[in-house]
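*Asks:* Mind having a look at this structure? Questions to follow.
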Amino acid sequence: MTPTPASLEQEAARAALGLPELIAAAEHAAAAVTAGRHARQRPGRSDTFWQFRDYAPGDPSSVIDWRQSARLERRLLVRQTEWEQPQTLLLWCDGDEDFDFAGKDRPSKRFRGQTIALALAMALLRSGERVGLWGGAEPPVTGAQSVPALAHRLLHRQASLTEMAPAPGAHVLLVSDFHRPPEDLHDVFARIREARGRPMAVVVEDPLEEVFPYQGATRFEGPGGAIRRRFGDAGLVREAYQEQRQEHHEKLKHAVRLPHELVCFHSTDQSPAPLLLSLLQRMSEEG
Amino acid sequence: MSFTSPLVLAGLLALPALYWLLRAVPPQPKREVFGGMYFLKTLSTRKSQPVRTPPLILIVRMLAFTALILGLAGPLVGDEPQRSDGPVTLLMDDGWDAAAHWSERQNAARAALEASTGPVTLVRRSDGTATPDLTPDQAMRAIERWEPQPTLPNDDNLDRAALQNAERLIYIAGGLMTDDDLGYLRGAEVSLPPSATLALGRVSVTADALAIPLMRSSTRGTGRWQVSAIGADGRALSTETVVLEPGEDMAEVTFRLPLAIRNQVVRLEIEGVRSAGAVELLGASARRTLVGIASRGNDSLREGGFYLTRALAPQAELIEGPIADLLIEEPGMIILDDVGTFRARDRDGLEAFVNNGGVLLRFAGPRLLAGEAINGDPLLPAPVLGGERALGGALTWDEPQRVDQIDARSPIGDFVLEEEIAVRRQVLTTPGSNPDVWVALADGTPLVTARRQGNGLVVLVHVSAVPTWSDFPISGLFAQFLQRLAALAETSLDQPVPGPDDALPATKLLNGFGALSDAPLGSDLWRTGVEVAPGLYGSTTKELAVNAYAGVPPLRGLTPERLPRGARLIGAAEATQTDLGPLLLILAVILLSADAFLTMTGGRLLPAAAALAVVTFSPLIAPRAEAQLRPPLPSLATEAALDIRFGYIKTGDREVDALSEAGLRGLSVQATLRTALEPAPPQGVDPDRDELSVYPLLYWPIHAGQEPPSDSALQRLEEFMEGGGLLVIDTPNIARPGLGQGGLDDILSRFDAPPLEPLGANSVLLFSFYRLADLEGRSTSGQVWVETRGALDQRRDGVPSLIIGSRDWAAAWALDDRGYPLRPAGPGGERRRELAFRAGINMAMVAVTGNYKADQAEVQSMLDRLGDPDDPMERFRDGP
């Protein structure tokens, strides 16, 4: 099945469908997430009361809180609300040829990765955050109505991970199998950190890659057929393969330096919902 | 076991080499698509040397190779045919029941001859003649040309001594044969038929049934067969099942049928068996007439009924009772034993009976004399003189008279007087009346007179039915006479009656396969006591069926036990050798495909390999079911068949076709909005190629100068109409269809269209949904023509199949995708368009629901019958 924006959206919606219940279960996370606004602890524009202050010349008379002022003598109080600003989440989901691999009866890694990215975007959009694509020409969007456009753009080739400069202060969700030198990830995390952003990486893999159940004379091919490798007995390379993979994963984990950064692993035979929940939780924790 | 080409077996020597090769060359590596190539590509290929071929694959391949070589070597299993070069005598049964296994018999004969090189003498048992010496090739060709004969084996000409002395005797035996001395078969090689042959015995016609024995040649196993009674038109009138249990070689099949149906049976046959033995022909003698007798009982020798019933019982179905009861049963002949006076109702009934072709036979007696004398009584050949004539009594001078003459032109003209019949007393007819005299006494006074009356016949026997007046009732002539009259009642009275010595010409002859065909000119004539070929002889009244088997002598199947000592059985199975080659080759293919499977799956999918083997095999086992499937409908027709949709005939003119399409779409939309009919979008069809039967309605616009349709297209449109479809022909630019210019004339001249008439006010088209005055379109000019009322009555459903008009309906209906009209509504404005839609919906309703609303035509008379529709009380006024 070639993924279309509609099918991706459907799949992501299905993944996100389970979320409300999970969110309800984890109330803390849910409260934070559904609040949708992240207080800046400064006066600003929102509905949340921040403080009263004396009227100063230049304030519009409409901001005077007459009821409070009436309690005091000869003082006029102005009601100030807290400045609240929505978070920005930037999505990036891409990978090399390996990323297109799909085990039997399972979605491809790419599709699952896109599902996760879009499901998270849906959850955030629902609570009023802004979501955009990493390195995309379009600015981040808000509102649930922009989901189809987002899905459409997700399905297209993404900007290169190594080249683009991160947006300042944004959450960045990187989804891939990261079958690339781990240094790339370290580098990206570092750049996001520099821009005061919060990087999160989800490593999507197929269970077959972990188990490596092959035996006998085998010719391995990438999903695109570009890379081929032949072994007289595949069983004999299993150990070396698993060792390499383990090492790679360790190096990927080392990209995390600060507490709110995250590298987590997902297998396509699992449900994406728990992963989504933990991601949401993580995003709300640092408020 | 032998091999046709043993040299191929040398290939088996290559097995060790194959073993070595197979071990050395590993199977092709499996191909795996894998997502972790990033890691694999960095891994070294240090261990890519071959692993050993798995032993399972090795074994499978070796077996396949062995099977292949053995199969190619052509192994044959079975006894080798006995070879001889001495003279051979081949005796072959080709009689009445041989057709059932004819090709097997020919094969057996050929197989027996194949192995011999010496001269061959062929003997056919149907005529017992022997051929001169033939070479085996000639003999085989002769056997090829032989056909089974419809007659019983004729052993009269059989030279038994010659057979017994033959150096080598091969007997291809039939099934049922007469219980003969089989001594000449001592030392013969006998090939018995592979299964029982069947034959029907002699039919016996009893009072209430046809009974026929079914015989089989072997007593082994339970057999179930069906025997059918076939009428003159080839229909099976009745079918009975007969079951033969093990040990039984004969069972009687009984057909109990109403007399009228029983008399229609012309042959009995075993279903599914094609041979002369499986057919029994029934002639006129098997037909029985229903005869009604009005007499005063049949209990004692003093009552006429006693003699009448005994004379007629073998030939006719008898009923006795008062005249009124007899008439109800509609007999072919009514016998009145001394009835003089009739009730008025009986007389009328009898007169009608005679006028309609019945035969009325009356016997004289006291009551006849005492009866009322009616001038020109239609129930008597001639008026009867009061008072009988007594001969040879104590007070008379005359001797009793002898019956002397039989009129040769009368229906009983072929009877021969072989005995002296004395007549002592008789009635006389009035002089001057001239009835046909069939039988007269020596002095010329009539004994039997007759007269044609209407289509029927009135016969008067001038003596009584009891032997007091004469010896006639106890003579042989009496029974013959009654039976002939009964036969006459069953057939047309105008048939010529054959004379006593007439030879009957053959009309139809039976062949060895049990089929009747017209007798060739010069066929043998049937004469008493002469054996002729089985078939039908003579014509209707005296139609005579000659069957191969006349019921004697008893027949028995030839079983191995009956063969004399020294005879040797050669079975059909032993006669030929079985070639195991194809089986082995199939096995090799199966093994190789299993090998392919094993290689692909690495031996993990053994069940799948087994399944593959089954799939490979199944075409050999399963019957060819696909041959019974109907050809699939083309996809266009499938779509049309799954939904109701209208069709239009593509004219080739793009603009016209687009308008038809839009028109029918508009009509479909409107029908969906207004009625329960919800057609899918219309389709264009090419009557030359597309399946038409799936559309209820076809719209066919004909413009001047249009490419004329082909004859085959018209033929298919005729079939469409015949199959219940409604064809709407629209000639938008031609004012007077049928007379106009352009293509329609040409089309109608080649089109087998039903007769047409102008649309009548009571046509179902005008009230099938809306009540309309006319079928208006964009134009109202010209006349709409539909199938005539008379033609409709002929059709099974009374639904018109053809509408021809020049109303430009499609233009009126045409809507674009958004539902806006494509064309202006024409004069009359939107009201006209609305009426066009109504007309279209009416046509569609007729096409789909048929004549459902046809009774609306009578609505006015129905209302009238209900009374004054304005008076609501009218309906209740007559009520209780």
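The values are calculated or read from the model by the stated rules, or taken from the named source; none is laboratory data. Everything quoted here is computed from the prediction, not taken from an experiment. Every residue, glycine as well, gets a Cβ built from its backbone with ideal geometry; the counts of neighbours run over all protein chains shown.
*Asks:* Which of the residues belonging to the range B:457-477 are outside any strand (DSSP E or B) and hydrophobic (A, V, I, L, M, F, W, C)? Walk me through it before giving the result.
*Replies:* Just the residues of the range B:457-477 that are outside any strand (DSSP E or B), to begin with: B:462-469, B:471-477.
Across the range B:457-477, the qualifying residues are B:V463, B:A465, B:V466, B:W469, B:F472, B:I474, B:L477.
*Asks:* Out of the range A:211-220, which residues are of a type outside the set (S, T, Y), facing another protein chain (nearest Cβ under 9 Å) and surrounded by fewer than 22 Cβ atoms within 10 Å (Cβ to Cβ)? Give the steps one after another, and end with the answer.
*Replies:* First, the residues of the range A:211-220 that are of a type outside the set (S, T, Y): A:211-213, A:215-217, A:219-220.
Checking which are facing another protein chain (nearest Cβ under 9 Å) leaves us with A:212, A:215-217, A:219-220.
Across the range A:211-220, the qualifying residues are A:F212, A:Q215, A:G216, A:A217, A:R219.
*Asks:* Next up: For the range B:87-106, check the following and say yes or no: at least one residue is exposed (fewer than 13 other Cβ atoms within 10 Å of the Cβ), at pLDDT below 70 and away from chain A (no Cβ under 14 Å).
*Replies:* Step one: of the range B:87-106, the residues exposed (fewer than 13 other Cβ atoms within 10 Å of the Cβ) are B:103.
Of the ones still in play, those that are also at pLDDT below 70 are none.
No - not one qualifying residue is present in the range B:87-106.
Conditions tested, residue by residue: (1) within 28 Å of A:P168 (Cβ to Cβ); (2) part of a strand (DSSP E or B); (3) touching a helix residue (DSSP H, G or I) at 6+ places or on another chain (Cβ under 6 Å).
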residue: A:G224; (1), (2), (3): no, no, yes
residue: A:E247; (1), (2), (3): no, no, no
residue: A:A255; (1), (2), (3): yes, no, yes
residue: A:H260; (1), (2), (3): yes, no, no
residue: A:P274; (1), (2), (3): no, no, no
residue: A:L280; (1), (2), (3): yes, no, yes
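*Asks:* Still on this structure, I have one more. Among all residue pairs at least 6 apart or on different chains, which show Cβ distances below 6 Å where the first residue, located in the range A:79-103, is closer than 14 Å to A:I116 by Cβ and at the interface with chain B (Cβ under 10 Å from one of its Cβ atoms) and the second is modelled with pLDDT of 85 or more and outside any helix (DSSP H, G or I)?
*Replies:* If the second residue must be modelled with pLDDT of 85 or more and outside any helix (DSSP H, G or I), the pairs left are A:G95/A:S176; A:G95/A:D177; A:F99/A:D177.
*Asks:* Only one residue in B:D137, B:D181 is on the phi < 0 side of the Ramachandran plot, among the acidic types (D, E) and part of a loop (DSSP other than H, G, I, E, B). Which one?
*Replies:* Details: B:D137 fails: part of a loop (DSSP other than H, G, I, E, B).
Criteria check complete, one pass: B:D181.
*Asks:* Can you list residue pairs whose Cβ atoms sit under 7 Å apart, with the first residue in the range B:851-880 being on the phi < 0 side of the Ramachandran plot and at pLDDT 75 or above and the second being in a helix (DSSP H, G or I) and among the charged types (D, E, K, R)? Count only pairs 6 or more apart in sequence or on different chains.
*Replies:* Final answer for the pair search is B:L866/B:R875.
*Asks:* Among the residues of the range B:42-53, is any within 13 Å of chain A (Cβ to nearest Cβ), at pLDDT below 80 and either assigned to a helix (DSSP H, G or I) or in contact with a strand residue (DSSP E or B) (Cβ under 6 Å, 6 or more places away or on another chain) (or both)? Talk me through it step by step, then tell me what you get.
*Replies:* If we filter the range B:42-53 for residues that are within 13 Å of chain A (Cβ to nearest Cβ), which is where we start, we get B:42-53.
Filter once more, so that each one left must be at pLDDT below 80: B:42-53.
If we keep only those that are either assigned to a helix (DSSP H, G or I) or in contact with a strand residue (DSSP E or B) (Cβ under 6 Å, 6 or more places away or on another chain) (or both) too, we end up with B:48.
Yes; the residues of the range B:42-53 include at least one that is within 13 Å of chain A (Cβ to nearest Cβ), at pLDDT below 80 and either assigned to a helix (DSSP H, G or I) or in contact with a strand residue (DSSP E or B) (Cβ under 6 Å, 6 or more places away or on another chain) (or both).
*Asks:* Right, here's the next one. Name the residues in the range A:173-196 that are within 20 Å of A:G113 (Cβ to Cβ), outside any helix (DSSP H, G or I) and in contact with a Pro (Cβ under 9 Å, 6 or more places away or on another chain), would you?
*Replies:* Scanning the range A:173-196 gives A:L173, A:L174.
*Asks:* Has the range B:343-363 got at least one residue that is more than 21 Å from B:A489 (Cβ to Cβ), in a loop (DSSP other than H, G, I, E, B) and not charged (D, E, K, R)?
*Replies:* We begin by selecting, within the range B:343-363, every residue more than 21 Å from B:A489 (Cβ to Cβ); these are B:343-345.
If we keep only those that are in a loop (DSSP other than H, G, I, E, B) too, we end up with B:343.
When the remaining residues are screened for being not charged (D, E, K, R), the result is none.
No, the range B:343-363 contains no residue that is more than 21 Å from B:A489 (Cβ to Cβ), in a loop (DSSP other than H, G, I, E, B) and not charged (D, E, K, R).
*Asks:* Return the residues of the range A:137-176 that are among the polar types (S, T, N, Q) and modelled with pLDDT under 75; say none if nothing qualifies. Steps first, please.
*Replies:* Start the filter on the range A:137-176 by keeping residues that are among the polar types (S, T, N, Q), which leaves A:142, A:145-146, A:158, A:160, A:162, A:176.
Across the range A:137-176, the qualifying residues are A:Q158, A:T162.
*Asks:* Restricting attention to the range A:104-115, and to residues there that are within 14 Å of another protein chain (Cβ to nearest Cβ) and either touching a residue at least 12 places away in the same chain (Cβ under 8 Å) or among the β-branched types (V, I, T) (or both), which single residue is surrounded by the fewest Cβ atoms within 10 Å (Cβ to Cβ)?
*Replies:* Checked the range A:104-115; the qualifying residue surrounded by the fewest Cβ atoms within 10 Å (Cβ to Cβ) is A:R106.
*Asks:* Go through A:A159, A:A149 for me and flag whichever is surrounded by fewer than 22 Cβ atoms within 10 Å (Cβ to Cβ), in a helix (DSSP H, G or I) and either away from chain B (no Cβ under 14 Å) or touching a strand residue (DSSP E or B) at 6+ places or on another chain (Cβ under 7 Å) (or both).
*Replies:* Working: A:A159 fails: in a helix (DSSP H, G or I).
On inspection, the qualifying residue turns out to be A:A149.
*Asks:* Just checking, does the range A:258-267 include any residue being at pLDDT 85 or above, under 21 Å from B:V33 (Cα atoms) and of a type outside the set (V, I, T)?
*Replies:* The answer is yes, given that some residue of the range A:258-267 is at pLDDT 85 or above, under 21 Å from B:V33 (Cα atoms) and of a type outside the set (V, I, T).
*Asks:* Is there any pair linking a residue in the range A:227-238 that is closer than 19 Å to A:D98 by Cα and facing chain B (nearest Cβ under 7 Å) to one that is surrounded by 19 or more Cβ atoms within 10 Å (Cβ to Cβ) and of a type in the set (V, I, T), with Cβ under 6 Å and at least six apart or on different chains, and which?
*Replies:* From the range A:227-238, the pairs are A:F231/A:T218; A:F231/A:V237.
*Asks:* Is it true that some residue in the range A:61-71 is more than 30 Å from A:S176 (Cα to Cα), assigned to a loop (DSSP other than H, G, I, E, B), more than 14 Å from chain B (Cβ to nearest Cβ) and touching a strand residue (DSSP E or B) at 6+ places or on another chain (Cβ under 8 Å)? Talk me through it step by step, then tell me what you get.
*Replies:* Applying the first criterion (more than 30 Å from A:S176 (Cα to Cα)) to the range A:61-71 yields A:61-71.
Narrowing the set further to residues that are assigned to a loop (DSSP other than H, G, I, E, B) leaves A:65.
Adding the requirement that they be more than 14 Å from chain B (Cβ to nearest Cβ) leaves A:65.
Among the residues that remain, those that are also touching a strand residue (DSSP E or B) at 6+ places or on another chain (Cβ under 8 Å) are: A:65.
So far as the range A:61-71 goes, yes, one or more of its residues are more than 30 Å from A:S176 (Cα to Cα), assigned to a loop (DSSP other than H, G, I, E, B), more than 14 Å from chain B (Cβ to nearest Cβ) and touching a strand residue (DSSP E or B) at 6+ places or on another chain (Cβ under 8 Å).
*Asks:* Is at least one residue of the range A:126-144 in contact with a strand residue (DSSP E or B) (Cβ under 6 Å, 6 or more places away or on another chain), away from every other protein chain (no Cβ under 14 Å) and assigned to a helix (DSSP H, G or I)?
*Replies:* no
*Asks:* For the range B:768-821, enumerate the residues that are aliphatic (A, V, I, L, M), at pLDDT below 85 and assigned to a loop (DSSP other than H, G, I, E, B). Break it down into steps so the answer makes sense when it comes.
*Replies:* Filtering the range B:768-821 for residues aliphatic (A, V, I, L, M) gives B:772-773, B:775, B:784, B:786, B:791-792, B:799, B:802-804, B:810-812, B:814-815.
Of the ones still in play, those that are also at pLDDT below 85 are B:791-792, B:799.
Result: B:V799, single match.
*Asks:* Let me ask something additional. Looking only at the range B:1-33, filter to residues that are within 11 Å of chain A (Cβ to nearest Cβ) and touching a helix residue (DSSP H, G or I) at 6+ places or on another chain (Cβ under 7 Å); which one of those is modelled with the lowest pLDDT? If you could, list the steps in order and put the result at the bottom.
*Replies:* Kept after step one, since they are within 11 Å of chain A (Cβ to nearest Cβ), are these residues of the range B:1-33: B:26-33.
Then drop every residue that is not touching a helix residue (DSSP H, G or I) at 6+ places or on another chain (Cβ under 7 Å), which leaves B:27-28.
Numbers: B:P27: 65, B:Q28: 70.
Looking at the filtered set, the residue picked out is B:P27.
*Asks:* Here's a follow-up. If I filter the range B:342-397 down to residues being of a type in the set (S, T, N, Q) and more than 44 Å from the chain's Cα centre (by Cα), which single residue comes out as modelled with the highest pLDDT?
*Replies:* Once the filter is applied, the top-ranked residue is B:N375.
*Asks:* Okay, moving on. Can you tell me which residue within the range A:262-272, out of those that are more than 12 Å from every other protein chain (Cβ to nearest Cβ), assigned to a loop (DSSP other than H, G, I, E, B) and not charged (D, E, K, R), is farthest from A:L8 (Cα to Cα)? Write out each step before concluding.
*Replies:* Within the range A:262-272, the subset more than 12 Å from every other protein chain (Cβ to nearest Cβ) is A:262-266, A:269-272.
So of that shortlist, the ones also assigned to a loop (DSSP other than H, G, I, E, B) come out as A:269-272.
Add one more test, that the residue is not charged (D, E, K, R), and what stays is A:270-272.
On the way: A:Q270: 17, A:S271: 16, A:P272: 14 Å.
It comes out as A:Q270.
*Asks:* I would also like to ask the following. Show the residue pairs meeting these rules: Cβ distance below 7 Å; 6+ apart or different chains; first residue within the range A:247-265 and under 22 Å from A:L280 (Cβ atoms); second residue among the acidic types (D, E) and surrounded by fewer than 18 Cβ atoms within 10 Å (Cβ to Cβ).
*Replies:* Final answer for the pair search is A:H260/A:E285; A:H260/A:E286.
*Asks:* Given B:R302, B:R267, which one is surrounded by fewer than 17 Cβ atoms within 10 Å (Cβ to Cβ) and at negative phi?
*Replies:* Numbers: B:R267 fails: surrounded by fewer than 17 Cβ atoms within 10 Å (Cβ to Cβ).
When all the criteria are applied, what remains is B:R302.
A quick yes/no check of all residues on (1) within 11 Å of another protein chain (Cβ to nearest Cβ); (2) farther than 13 Å from A:F265 by Cα:
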residue: A:P168; (1), (2): no, yes
residue: A:F178; (1), (2): yes, no
residue: A:L185; (1), (2): no, yes
residue: A:I192; (1), (2): no, yes
residue: A:R196; (1), (2): no, yes
residue: A:A201; (1), (2): no, no
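*Asks:* Here is a list: B:R367, B:R409. Which entry is assigned to a loop (DSSP other than H, G, I, E, B) and of a type in the set (K, R)?
*Replies:* Values: B:R367 fails: assigned to a loop (DSSP other than H, G, I, E, B).
On inspection, the qualifying residue turns out to be B:R409.
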